[in-house]
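**Student:** Please read through the structure below; I'll follow up with questions.
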Amino acid sequence: MRKYLNNKAALLVATLLLAGCVTVPDTVKGRSPVPQQDLLRVMNAPQLYVGQEARFGGKVVKVTNLNGRTRLEIATQPLDDTARPRLNAASVGRIWADINGFVDPVDVNNQMVTVVGTIRGSEKGEIGKASYNFVVVDVAGYQRWRLQQQVVMPMQPIDPWIWYGPGRHHAGFWGPGPWGNYYNSGPVQVQTILTE
């Protein structure tokens, strides 16, 4: 039983170490250690944040190509520790993200993105026919995310009597065999995640 628990503890440690290796991509790391990510705070007093670095992300709902720059209208969502928008989270608000140069709308419209840059202030605009104050960010870097689906198998319980017990075989198993009653197939889940 002790060996079983030690193996389980080692698996937990390995999982935590791997989780600690996840980082923010260089494209949206920014210059400051902790860019501003609280859009509600910025929307309430944008003049206080002019010139500060910010990192926001979400779904691009509109792309406008202007002379020398491209403006993305982003319905922002909270970001996770790796700067990815949290899928299925409600929109926190909208921003205008201005990128120097031409970005083809085909590449970013309706895509999930994260931007990092300097807060320029706010500008009046419209969402549909409603007036709206957009926080404007001069983009220094951005990351377009790809939606990917992955299959997640349920945790498979392992019977501790496989390795220890009175009827242990020479192969190290007792009972009907290594693929017998020791595994619970349970329902398989499909998750959608964001990848680079």
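**Student:** Using each residue's phi in the stretch 102-107, evaluate 6.51 cos²θ - 1.76 cosθ + 1.60 at θ = phi - 60° and report the 3J(HN,Hα) Karplus result to the nearest Hz, with x for Gly and Pro.
**Tutor:** 9, 10, 5, x, 4, 7
**Student:** Now, a different point. If packing is taken as the mean number of other Cβ atoms within 10 Å per residue, what is the order of 31-37, 83-89, highest first?
**Tutor:** Per-residue Cβ counts within 10 Å, averaged per peptide and sorted highest first, yield 83-89, 31-37.
**Student:** In whole Å, what are the Cα extents of the stretch 57-121 along the three principal axes, biggest one first?
**Tutor:** The principal-axis extents, from largest down, are 33, 25, 20 Å.
**Student:** Now a separate question. Peptides 111-121, 94-104: what's the order by average Cβ count within 10 Å, highest mean first?
**Tutor:** Highest-to-lowest ranking by the protection proxy: 111-121, 94-104.
**Student:** What residues have an amide H closer than 5 Å to that of V92, excluding those fewer than 5 places away on the same chain, when H is modeled at 1.01 Å from N in the peptide plane?
**Tutor:** Correct list: T76, Q77.
The numbers here are math on the coordinates, done by the rules we state, and not lab data. In this text the structure is predicted, and so the values were computed from the model without any measurement. Heads up, the Cβs are rebuilt from the backbone with ideal geometry, glycines too, and the neighbour counts pull from every protein chain shown.
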